[in-house]
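The values are calculated or read from the model by the stated rules, or taken from the named source; none is laboratory data. Remember, it's a predicted structure, so these values are computed and weren't measured experimentally. A quick note on method: Cβ atoms are made from the backbone with ideal geometry, for glycine too, and the neighbour counts reach across all protein chains shown. Protein only, heavy atoms only, side chains kept; ligands, DNA and RNA dropped before computing areas. Shrake-Rupley method; radii C 1.70, N 1.55, O 1.52, S 1.80 Å.
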Amino acid sequence: MEISRPRGTRDFLSKEMKQRKHVENTLKKVFENYGYGEIKTPIFEDLTLFTEKSGEAIKEEIYHFKDKKKRDLALRPELTAPVARLYLNELQKHVKPIKMYYFGSCFRYERPQAGRFRQFWQLGCELIGGKSPEAEAEVITMAAHCLDEIGLKDYEFHIGSLGIIRSLLNDAGISGEEQGQIMGLVDKGDVEELQKFLNNMETSASLKEILLQLIEIKGHNEVIDEVKNIIKNCDEAYNALNDLENLLNHLEAFGFSNYIVNMGIARGLDYYTGIVFEIYVHGLGAQKQISGGGTYNLIEIFGGEQVESTGFAFGFDRVMEALKKQDVVIPVENNVDVFVAPFSDDMRKESFKITQNLRRNGISADVDLARKKIKKVLAYADNLGVKYVVLVGARDIADGKVALKDMESGDQELIDLDRLSQELMDKIQG
């Protein structure tokens, strides 16, 4: 019986893993250049962590189970809630702001399709205890910096404000579940359903008109004046717009201006408090969003103090797919620089000694373990892409030497065995 991998999962071979590792390390380096430190949380958490954040309905979308002690656990579907839990457990008394980044696999029980898997990876950050708009400006700039460093082109950075829409709804006496439903429909971009929902509500025609006008506004900072004209009769919304305008001014100071103000970005979750943003790469179809983030107060939901967090997460698999679609060349380094090949069976143990000596001197080396004939060994080494082959023969070993073959030029020379490591290091490095 052939056993296949579970539905919605993937295997990654060596070349693809090298590419993924290169992108991962590049993104991590950017985070660290901004002062963020890496953290790790468990792959499974208490189920309540996710139901408190997203509601009981989340159970239909995730992997959850009872362990042998009948405790309700879940494979993490995202990493924001685990980071909030880590903060509550370990860092409440830590000096703020706290800058953390993470990379790990997440799990959702969804119908697999292009760009959506049941196991996927997220790479993101949390800035806890920073002040707006400075914290938001730095986080947004860092996200763009990450994409520039990995060579991704033509991405769109959309920035919006939940505070404006929430203020308008609060001013009209719409709160709780109805407000959440409206925000959810705005988030989905479903204008037709939003119109139906608003028509069924007992609210003013002017509010409906304002909302439908507002969520269609997109542009650069020049749209701020347009928004001001629409919301001029709501002071709370006006204050939220000032916050957005202040953020855009700070972004200029951070050297980032490649953004689109999009008043149609929303979140259906109550803990988002202000600025939200999304990053799109066209060419990925329905899964064009590669990142989302914003400012929120999730920690208070879990029983902590009221402290703002700003963060975002890259859908790492979608980032990799976007790079592939754009034909971005991702460097793939060879694992092995040197291959050691014995000419005969009685030279095998000598070959193992030489190989280990090279490895202990920091040289990546492999050795024939399949007892191939020398012709096949050279073909195998060439297929691996190694730079040099050390040929171990009885007569040369008796003289304290080995033959070193340059696989690119085909040149071959005798090298003193006690100088082999240094000779190879000099050639490889320079």
Assuming Ile354 fulfils every condition listed in (1) open to solvent by less than 50 Å² (accessible area, probe 1.4 Å); (2) more than 14 Å from Leu391 (Cα to Cα) apart from one, which condition is it?
-> (2)
Inspect all residues belonging to region 80-90 and state whether any of them is within 30 Å of Leu284 (Cα to Cα), hydroxyl-bearing (Ser, Thr, Tyr), outside any helix (DSSP H, G or I) and within 20 Å of the chain's Cα centre (by Cα).
-> no
Those residues of region 180-207 which are assigned to a loop (DSSP other than H, G, I, E, B) and of a type in the set (Val, Ile, Thr), in sequence order | Thr203
Which one is farthest from Asp317 (Cα to Cα), of the residues in region 54-70 that are open to solvent by 30 Å² or more (accessible area, probe 1.4 Å) and assigned to a helix (DSSP H, G or I)?
-> Glu56
Within region 168-191, restricting to residues that are among the small types (Gly, Ala, Ser) and over 36 Å from the mean Cα position of the chain (by Cα), the one that is surrounded by the fewest Cβ atoms within 10 Å (Cβ to Cβ) is Gly173
From Ile275, Ile230, grab the single residue that is of a type in the set (Val, Ile, Thr), farther than 18 Å from Gly129 by Cβ and touching a helix residue (DSSP H, G or I) at 6+ places or on another chain (Cβ under 6 Å).
-> Ile230
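This table checks each residue for (1) closer than 15 Å to Ile363 by Cβ; (2) open to solvent by 70 Å² or more (accessible area, probe 1.4 Å).
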| site | (1), (2) |
| --- | --- |
| Gly385 | no, no |
| Ala398 | no, yes |
| Ala403 | no, no |
| Asp411 | no, yes |
| Ser421 | yes, no |
| Asp426 | yes, yes |
| Gly430 | yes, yes |
Would you be able to say whether some residue in region 203-211 is farther than 28 Å from Thr141 by Cβ, β-branched (Val, Ile, Thr) and surrounded by fewer than 19 Cβ atoms within 10 Å (Cβ to Cβ)?
-> yes
Being under 15 Å from Glu308 (Cα atoms), touching a helix residue (DSSP H, G or I) at 6+ places or on another chain (Cβ under 7 Å) and among the aliphatic types (A, V, I, L, M) is the filter; apply it to region 71-86 and report the residue that is surrounded by the fewest Cβ atoms within 10 Å (Cβ to Cβ).
-> Ala81
When both residues are 6+ apart or on different chains and their Cβ atoms are under 7 Å apart, which pairs have a first residue that lies in region 9-24 and is in a loop (DSSP other than H, G, I, E, B), and a second that is surrounded by 14 or more Cβ atoms within 10 Å (Cβ to Cβ)?
-> Thr9/Phe117; Thr9/Arg118; Thr9/Gln119; Arg10/Phe117; Phe12/Arg20
Name the pairs whose Cβ atoms lie under 8 Å apart, with the first residue in region 156-181 and in contact (Cβ under 8 Å) with a residue 12 or more places away in the chain and more than 27 Å from His250 (Cβ to Cβ), the second of a type in the set (A, V, I, L, M, F, W, C) and open to solvent by 30 Å² or more (accessible area, probe 1.4 Å), and 6 or more positions between them or separate chains?
-> Gly180/Leu269; Gln181/Phe197
Some residue of region 42-54 being of a type in the set (Gly, Ala, Ser) and at pLDDT below 95 = yes
Which strands (runs of 3 or more DSSP E) does region 314-430 wholly contain that include 2 or more residues that are more than 30 Å from Glu126 (Cα to Cα) and of a type in the set (Lys, Arg)?
-> 401-406
Exactly one condition in (1) surrounded by 12 or more Cβ atoms within 10 Å (Cβ to Cβ); (2) hydrophobic (A, V, I, L, M, F, W, C); (3) closer than 28 Å to Ala137 by Cα is not met by Leu194; state its number.
-> (3)
Can you name every residue in region 233-272 that is over 17 Å from Ser132 (Cβ atoms) and hydrophobic (A, V, I, L, M, F, W, C)?
-> Cys234, Ile260, Met263, Ala266, Leu269
Looking for whichever is in contact with an Asp or Glu (Cβ under 8 Å, 6 or more places away or on another chain), closer than 30 Å to Arg318 by Cβ and buried (at least 16 other Cβ atoms within 10 Å of the Cβ) here; the options are Ile215, Ile224, Ile279. Which one fits?
-> Ile279
